[in-house]
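The block underneath contains the structure these notes are about, expressed in structure tokens.
The values are calculated or read from the model by the stated rules, or taken from the named source; none is laboratory data. All figures in this text were calculated on a predicted structure; none of them were measured in a lab. All Cβ positions, glycine included, derive from the backbone under ideal geometry; neighbour counts span all protein chains shown. When the accessible area is computed, the model is the full protein with side chains, heavy atoms only, and any ligands, DNA or RNA have been set aside. Shrake-Rupley method; radii C 1.70, N 1.55, O 1.52, S 1.80 Å.
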Amino acid sequence: MLSELLCAAALGSFTVLDSAEHSVDHYTQGLFFDGGVLYETTGHYGKSRMFRYPAPGKAPTDSVSLESRFFGEGSIKLGNDIFWLTWREGTAFVYDAQTLTRKSAFSIPTEGWGLAFYKGSLLMSDGSDRLYFLSPGEKNVFRNVSVTDDSKPVRNLNELEAVGDIVYANVWQSDSIAAIDPKSGKVLKWYDFSRIARQIRKKIPEAEVLNGIAYDGKAFWITGKNWPVMYKVQIKP
């Protein structure tokens, strides 16, 4: 809950516009759109997969899995490449966006959690209060920034989505999304989805925290780990 974060930044509002089915078997770690096509990466050793959907709520057209020694995390598309993080293995993969075949791998210096594309850079979280800027070409970290609310570090940064000048981050174990200025690291607003999350977990005990945020060009789609539904929401600045 937001109260547990001792937030100083203002509370933003949102409107639920629509919903779509989501598999309760998917431990969602990454979510992003490429045009109208939705991609999802999931976690757990031996169960980590990347799924491609023609639209939210539709059956996947194809998918690809990681070897059982890897725990899949966040992902994002850049050009004809899809970058896919792993959790504690110090490795990220590059896949062909058309065929979903693996092209290469590279090392990351921290755990991999969330991933987004922001103004020419890959933006990665690792569960701390840090956002890491990586060069897509050299694939090295060239900058990092601490995310703060009223000068206090905001830890457990997870799934990321960049829209314009703002980065939206799921905060693990809070069912909340922080709107962040990635230049300063300052939290601009909070969006509290705990009421929706509680309703879901009341019906489906195995459902876990909110994790998954993707922008389709007009609205956001959010979901959680093992949630049965995705919500289309209009987030108000």
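In the stretch 35-62, which residues are exposed (fewer than 14 other Cβ atoms within 10 Å of the Cβ) and either of a type in the set (D, E, K, R) or more than 21 Å from Glu89 (Cα to Cα) (or both)? Matches in the stretch 35-62: Gly35, Gly36, Pro54, Ala55, Lys58, Ala59, Thr61, Asp62.
I'd like the full set of residues that are open to solvent by 30 Å² or more (accessible area, probe 1.4 Å), of a type outside the set (Gly, Ala, Ser) and farther than 19 Å from Ile213 by Cβ, limited to the stretch 65-90. Within the stretch 65-90, Glu67, Arg69, Asn80, Asp81, Arg88, Glu89 meet the criteria. One residue is enough: does the stretch 29-51 have a residue meeting the conditions part of a loop (DSSP other than H, G, I, E, B) and more than 19 Å from the chain's Cα centre (by Cα)? Among the residues of the stretch 29-51, at least one is part of a loop (DSSP other than H, G, I, E, B) and more than 19 Å from the chain's Cα centre (by Cα), which makes the answer yes. When the stretch 156-212 is filtered for residues that are part of a strand (DSSP E or B), of a type outside the set (A, V, I, L, M, F, W, C), open to solvent by less than 10 Å² (accessible area, probe 1.4 Å) and over 14 Å from Tyr231 (Cβ atoms), the ones remaining, listed by number, are Asn158, Glu159, Ser176. Residues in the stretch 132-155 that are within 21 Å of Ser107 (Cα to Cα), open to solvent by less than 50 Å² (accessible area, probe 1.4 Å) and of a type outside the set (Val, Ile, Thr): Tyr132, Phe133, Leu134, Ser135, Pro136.
Which fully enclosed strands (runs of 3 or more DSSP E) of the stretch 58-102 have 2 or more residues being modelled with pLDDT under 95 and among the hydrophobic types (A, V, I, L, M, F, W, C)?
none
Taking the criterion of being closer than 16 Å to Gly79 by Cβ and aromatic (Phe, Trp, Tyr), the residues of the stretch 117-162 that qualify are Phe117, Tyr118.
A Cβ distance below 8 Å, combined with a sequence gap of six or more or placement on separate chains, defines the contacts here; from the stretch 127-154, residues that are part of a strand (DSSP E or B) reach residues that are of a type in the set (Lys, Arg) in the pairs Tyr132/Arg143; Phe133/Arg143; Asn144/Arg130; Val145/Arg130; Val145/Lys183; Ser146/Arg130; Thr148/Lys186; Asp149/Lys186. Going residue by residue through the stretch 115-126, is there one that turns out to be under 13 Å from the mean Cα position of the chain (by Cα), more than 18 Å from Pro237 (Cα to Cα) and either polar (S, T, N, Q) or at pLDDT below 95 (or both)? Yes, the stretch 115-126 contains a residue that is under 13 Å from the mean Cα position of the chain (by Cα), more than 18 Å from Pro237 (Cα to Cα) and either polar (S, T, N, Q) or at pLDDT below 95 (or both).
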